[in-house]
Ligand code: ARG
Ligand code: ZN
């Protein structure tokens with residue numbers, strides 16, 4: 001039953017104005033809808049009207065005031081159909097729904113005592129009968145009726161225009177949203193909430209009221225989100241010329257939420273984890289995540305809301321562009337090189353794995369069963385990489401002109417990815433036809449590069465060959481247009497050499513365009529033998545192989561002028577050493593540490609000049625997940641042992657340097673989530689992790705004291721993690737107990753408490769998960785809890801992949817339960833099992849067995865689609 005992009009047709013009818021009245025009640029909310037409907041000009045007269053609707057009890061239906069007889073409409077599982085409808089009419093319906101029974105958290109549901117909504121992608125059909133598709137855009141007028149005592153606050157999109165009291169302790173507020181929008185941007189919130197308020201004056205002088213609505217106990221945790229919001233608003237004006245367009249902008253924090261947040265017009269709804277921060281409860285990483293997500297949702301006001309998607313195949317139109325915008329914002333606000341390193345290392349670990357697995361799909365998929373399964377790293381992150389390539393291809397100025405053109409040409413419309421790229425082509429005069437393949441071809445292109453220096457002629461020949469592996473449904477791939485930013489670093493001078501290609505100068509840091517399957521680039525006037533620095537800044541989302549020697553990599557790690565590639569050279573060097581050790585472990589041979597890696601680290605630790613945040617990244621070994629990505633077959637134990645061995649060898653060889661770096665970076669300034677402090681903390685905590693890895697007594701003592709000093713959550717959590725992941729249970733257990741008791745009242749901190757324990761490498765991790773599932777702070781119906789406990793455990797490389805299969809079984813059991821309660825979360829959670837082909841035969845069988853056991857159930861479309869792909 002998949003839906004195909006090629007089947008797109010405009011709707012037979014459109015809705016120009018939508019009037020809604022909600023009479024709230026946990027078990028029986030009444031929703032009245034009056035839709036102003038008219039035939040779509042591109043469709044013929046006399047076609048049936050089709051409305052989506054799920055789990056709705058229809059109470060009344062009328063056209064232009066005339067109630068419909070039973071034979072004048074048809075109800076199905078999916079919706080309502082009216083065979084004969086006039087050209088233009090008013091449709092009135094009334095339905096009853098039960099928010100308290102809604103555990104899927106799509107549509108109108110309850111979180112704690114409050115009512116809230118999540119409509120993207122297809123949740124609105126669980127609220128009322130409606131053409132639930134993004135190309136139907138209407139203005140909305142919404143009246144919310146609730147109990148004065150239980151729901152003193154009643155919110156919806158736009159501006160409040162009327163409010164009043166009603167009999168029986170009830171009251172109402174009416175909201176009007178003048179901007180036409182698809183129903184996926186509808187939102188309603190009702191409950192006992194408190195607000196923090198601020199103001200923002202836009203570039204044209206509009207006064208905007210900013211509100212963050214939270215439960216009372218969280219009033220002290222909104223400062224950072226508010227400051228981030230104001231920075232984002234200013235940044236979007238300065239960078240993209242985009243101004244806010246209502247008098248009011250609201251954010252609401254809710255505890256039960258499937259995703260990070262949602263950009264509903266004028267009323268963003270956030271997972272509380274994506275908005276609340278406090279130095280004592282949130283880590284630096286959490287502060288930065290909040291800033292990024294607040295900005296992301298705000299930026300959607302233009303890239304998503306004013307200009308939206310024609311259909312859900314175009315999801316990356318808004319998400320790829322908006323992620324690119326929030327990444328750039330965060331880079332401008334914090335350390336740009338570190339932001340890039342973080343984004344790319346995440347991307348290469350998680351998106352590459354998705355691209356290489358059974359659920360691989362293009363950035364614009366051409367079919368799907370359940371769109372909820374396509375809120376993926378490919379749509380979001382790879383989509384953002386494509387937009388970044390576009391920006392680099394056409395240059396910022398043309399890109400900005402293209403963006404202006406896009407927003408003005410398509411304001412108030414629902415459009416396609418072609419429409420967006422066409423604006424970029426028009427603004428730049430460039431041909432982007434081949435480039436469009438990035439949207440239609442799944443899989444990660446791999447480039448094999450070879451270089452040769454011709455001493456006699458002072459020329460450097462670079463041969464590039466590209467290939468995109470087959471992915472499900474796409475056996476053959478055409479060559480992509482791959483922009484490769486590069487430098488040639490002179491081995492004598494240590495400097496970037498001038499690049500001359502076909503008689504044309506590219507400066508010292510240039511871009512070449514690989515368009516064919518195989519292409520040779522000959523650089524002339526190269527005065528000395530160079531080491532090439534390729535794909536600087538990760539200039540394209542590809543795997544690039546070059547036969548670097550370890551000496552080359554050590555050289556690049558110190559001499560590359562591109563900070564990102566300096567870091568990457570270090571990662572490549574470490575990976576080569578790790579490869580040897582993984583092989584040694586498998587062959588039962590004694591492990592020997594590569595002295596070149598030790599020397600490279602010694603160099604790094606001596607360097608005072610480097611940006612501390614970058615240094616912390618450079619001192620961080622590739623994660624086990626990333627190492628696994630590089631292996632033909634994943635051997636979890638060998639990878640864990642090899643990485644541990646490298647870490648401990650470095651710690652032993654450089655113990656005093658790590659200790660010194662730790663001590664030099666213990667600051668005493670009051671906590672602030674600002675770049676310099678964050679850099680010092682991460683450097684300090686990386687150094688500490690080396691010391692604790694060898695159970696250095698002084699290191700352990702420092703960790704213990706850092707935990708007890710309780711300065712801020714970043715330091716407390718880092719220390720707690722080190723203790724809990726060490727084998728010193730006599731220190732770990734009391735620390736966990738102290739922490740758990742102290743924060744029992746704070747769900748977001750308890751999430752961290754869960755994760756820290758179940759990600760430990762010790763063999764009791766699985767037993768801990770089972771034990772903690774009965775903890776009063778855990779709940780299977782709260783997605784944050786599921787992610788913190790079960791999701792974190794499934795990322796625990798050694799223990800999830802236990803050879804007795806108990807890790808897999810536990811995950812499958814939870815997926816089976818969640819399949820009934822919350823299909824969207826269930827289908828995400830099952831992901832690690834779908835990667836079974838990457839492991840040894842024993843594990844393959846075990847994982848497949850669990851997938852087959854899940855398949856026996858009566859599956860939601862979400863889980864069904866993923867399981868079918870995984871077992872295909
Ligand atoms: N548009 C939201 C965001 O990225 C995400 C909504 C996801 N919703 C869902 N049901 N998968 O900002
Ligand atoms: Zn988004």
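Just so it is clear, none of the values below were taken in a lab; they were calculated from the coordinates. Because the structure is predicted, anything quoted here is derived from the model rather than measured. Note that we place each Cβ from the backbone using ideal geometry, even for glycine, and neighbour counts take in every protein chain shown.
Shape index of region 214-254: Rg/Rh, with Rg the Cα radius of gyration and Rh the Kirkwood radius from the inverse mean 1/r over Cα pairs, equals 1.06. Among beta bridges from DSSP that stay inside the chain, the antiparallel ones total about 80%. Using the average count of surrounding beta-carbon atoms within 10 Å as a protection proxy, the listed peptides 195-201, 675-681 rank, highest first, as 675-681, 195-201.
Shape class of region 101-175 from the Cα gyration tensor (axes a ≥ b ≥ c, square roots of the eigenvalues): oblate, since a/c reaches 1.5 or more and a/b does not exceed b/c. For residue 583 and residue 527, what does the FRET efficiency come to when R0 = 60 Å and r is the distance between their Cβ atoms, rounded to the nearest 0.05? That gives a FRET efficiency of 0.95. Remark: region 399-484 is approximated by an ellipsoid whose semi-axes, taken from the C-alpha gyration tensor as √(5λ), come to 34, 21, 7 Å, largest first. For region 59-114, the convex hull spanned by the alpha carbon atoms encloses 123 Å³ per residue. The alpha-carbon atoms of region 708-854 define a convex hull whose volume equals 109 cubic angstrom per residue.
Length gained on full extension, residue 727 to residue 159: 198.8 nm, using 0.36 nm per residue less the C-alpha separation. The C-alpha atoms of the chain define a longest principal axis, and helix 550-559 lies at about 70 degrees to it. Taking Cα atoms only, the orientation of helix 336-346 departs from the longest principal axis of the chain by about 80 degrees. Taking 0.36 nm per residue of separation and subtracting the Cα-Cα distance, full extension of the segment from residue 74 to residue 59 would add 4.0 nm.
Where a ≥ b ≥ c are the square roots of the eigenvalues of the C-alpha gyration tensor, would you call region 128-255 rounded, which needs a/c under 1.5, or, failing that, prolate if a/b is larger than b/c, or oblate? Since a/c reaches 1.5 but b/c is at least a/b, the shape of region 128-255 is classed as oblate. For region 803-837 and region 479-496, write down the distance between their C-alpha centroids in whole Å. Each part's Cα centre sits 44 Å from the other's. Separation of region 51-118 from region 128-142 is 12 Å, based on Cα centroids. Taking every C-alpha pair closer than 8 Å and separated by at least 6 residues, the mean separation divided by the residue count of the chain gives a relative contact order of 8 percent.
Plainly put, region 273-388 has a radius of gyration that is 0.99 times its Kirkwood radius, both from alpha-carbon atoms, as the Rg/Rh ratio.
Each label point was placed 7 Å from the Cα along the Cα-to-Cβ direction; for residue 664 and residue 4 their separation is 6.3 nm. Peptides 101-107, 59-65 ordered by packing proxy, namely the average of other Cβ atoms within 10 Å per residue, highest first: 101-107, 59-65. Distance between the modelled labels on residue 767 and residue 695, one decimal in nanometres: 1.9 nm (7 Å Cα→Cβ projection). Against the empirical 2.2 N^0.38 Å (N residues), the chain has a Cα radius of gyration ratio of 0.97. With the cut-off at 1.5 for a/c, could you classify region 345-475 from its C-alpha gyration tensor as rounded, prolate or oblate? Judged from the Cα gyration tensor, region 345-475 comes out oblate (a/c at least 1.5, b/c at or above a/b). The fraction of Cα-Cα pairs per 10 angstrom bin, counted from 0 for region 754-837, comes to 19, 56, 24, 1 percent, rounded to whole percents.
Dividing the Cα radius of gyration of region 413-453 by 2.2 N^0.38 Å, with N the residue count, gives 1.68.
Computed from the C-beta positions of residue 45 and residue 513 and an R0 of 35 Å, the FRET efficiency is 0.10 to the nearest 0.05.
Of 868, 162, the sequence from fewest to most neighbouring Cβ atoms within 10 angstrom is 162, 868. Packing order of peptides 726-736, 356-366, highest average first: 356-366, 726-736 (average count of other Cβ atoms within 10 Å over each peptide's residues).
What fraction of the Cα pairs in region 505-651, stated in percent, has a spacing above 20 angstrom? Above the 20 Å cut-off, region 505-651 has 54 percent of its Cα pairs. Which value at 222 nm does the chain reach when only helices count, each DSSP H run of 4 or more adding -39,500 (n - 2.57), with the total divided by all residues and rounded to the nearest 500 deg cm²/dmol? Theoretical 222 nm ellipticity from helices: -12000 deg cm²/dmol. Cα axis of helix 223-240 to longest principal axis of the chain: angle in degrees, 0 to 90, nearest 10? Helix 223-240 and the main axis of the chain meet at about 90 degrees. Measuring between their Cα centroids, region 669-699 and region 407-426 lie 46 Å from each other.
When you work out D = kT/(6 pi eta Rh) for region 705-778 at 25 °C and 0.890 mPa s, using the Kirkwood radius from C-alpha pairs as Rh and the Stokes-Einstein form, the result is 198 µm²/s. Restricted to Cα atoms, region 504-568 shows a radius of gyration and a Dmax of 12.6, 33 angstrom.
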